[in-house]
Amino acid sequence: MGVTFIGDYACKADSKWRVVVPSSFRKAMTVAGQAVFVLRRNMFDKCVDMYPLSEWERMVERLRERLNPFDAKHAAFLREFFRGTQEVEMDANGRVLLPRRVMEEAGIGKEMVMAAQDKVLQVWDAGKYEEVAMGAEELGRLAGEVFRTEG
């Protein structure tokens, strides 16, 4: 069963870089029978993506279908795609231990936001998350492009 996340929540890491996963996200993971995330830096923004393990495995399977490991460009893509990935597991208290190196490389401090992106969570530095917010006019224009019908 897949996981769908909704919402965004301010979070704070403790001195060991443990952070409590917001209750609605924990609930979604529990309903799906999952407790493991795969973390990787986002390809486009200064944030970290947290994939439920099952979603990560689906994405990797799609990559395997499309890429030839004996093609130099494909091999380079795979190397970079997997660079710095980490598996983390929620503990009994609903916390995950975020790797300090991964967070620092993405510019994320201990004050952070966990934001839903459908099947993936994104971890943002709290200040940066506010900076990248779209205004209503821009969001409306983009929605018009995304939902434009042909006819």
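Out of 73, 12, 27, report the one residue that is closer than 23 Å to residue 131 by Cα and not hydrophobic (A, V, I, L, M, F, W, C).
Numbers: 73 fails: closer than 23 Å to residue 131 by Cα; 27 fails: closer than 23 Å to residue 131 by Cα.
Step by step, each of 73, 12, 27 is checked, and only 12 is closer than 23 Å to residue 131 by Cα and not hydrophobic (A, V, I, L, M, F, W, C).
The set of residues in region 6-58 being part of a strand (DSSP E or B) and under 11 Å from the mean Cα position of the chain (by Cα) consists of 37, 38, 39, 40, 41, 48, 49, 50, 51, 52. Against the criterion of being open to solvent by less than 90 Å² (accessible area, probe 1.4 Å) and more than 27 Å from residue 10 (Cα to Cα), residue 78 qualifies.
Note on region 102-126: residues that are open to solvent by 40 Å² or more (accessible area, probe 1.4 Å), in contact (Cβ under 8 Å) with a residue 12 or more places away in the chain and assigned to a helix (DSSP H, G or I) amount to 1.
So for region 132-147 (the condition being of a type in the set (D, E, K, R), loosely packed, with under 10 Cβ neighbours inside 10 Å and at negative phi), does at least one residue qualify? Walk me through how you get there before you give the answer.
Start the filter on region 132-147 by keeping residues that are of a type in the set (D, E, K, R), which leaves 137-138, 141, 145.
Applying the additional criterion that residues be loosely packed, with under 10 Cβ neighbours inside 10 Å yields 137, 145.
Checking which are at negative phi leaves us with 137, 145.
Yes: region 132-147 contains one or more residues that are of a type in the set (D, E, K, R), loosely packed, with under 10 Cβ neighbours inside 10 Å and at negative phi.
Contact map, region 61-86: residues that are more than 19 Å from residue 37 (Cα to Cα) and free of Cβ contacts under 8 Å to residues at least 12 places away in the same chain paired with residues that are open to solvent by 80 Å² or more (accessible area, probe 1.4 Å) and among the acidic types (Asp, Glu), Cβ distance under 6 Å, separation 6+ or inter-chain. No pairs are found. As for region 46-57, it holds no residue that is open to solvent by 30 Å² or more (accessible area, probe 1.4 Å) and farther than 18 Å from residue 121 by Cβ.
The values are calculated or read from the model by the stated rules, or taken from the named source; none is laboratory data. Note that the coordinates shown come from a computational prediction; the quantities given were computed from them, not determined experimentally. Note: ideal-geometry Cβ built from the backbone for every residue, glycine included; neighbour counts use all protein chains shown. Each accessible area value is taken on the protein alone, full model and side chains, heavy atoms only, with ligands, DNA and RNA left out. Shrake-Rupley method; radii C 1.70, N 1.55, O 1.52, S 1.80 Å.
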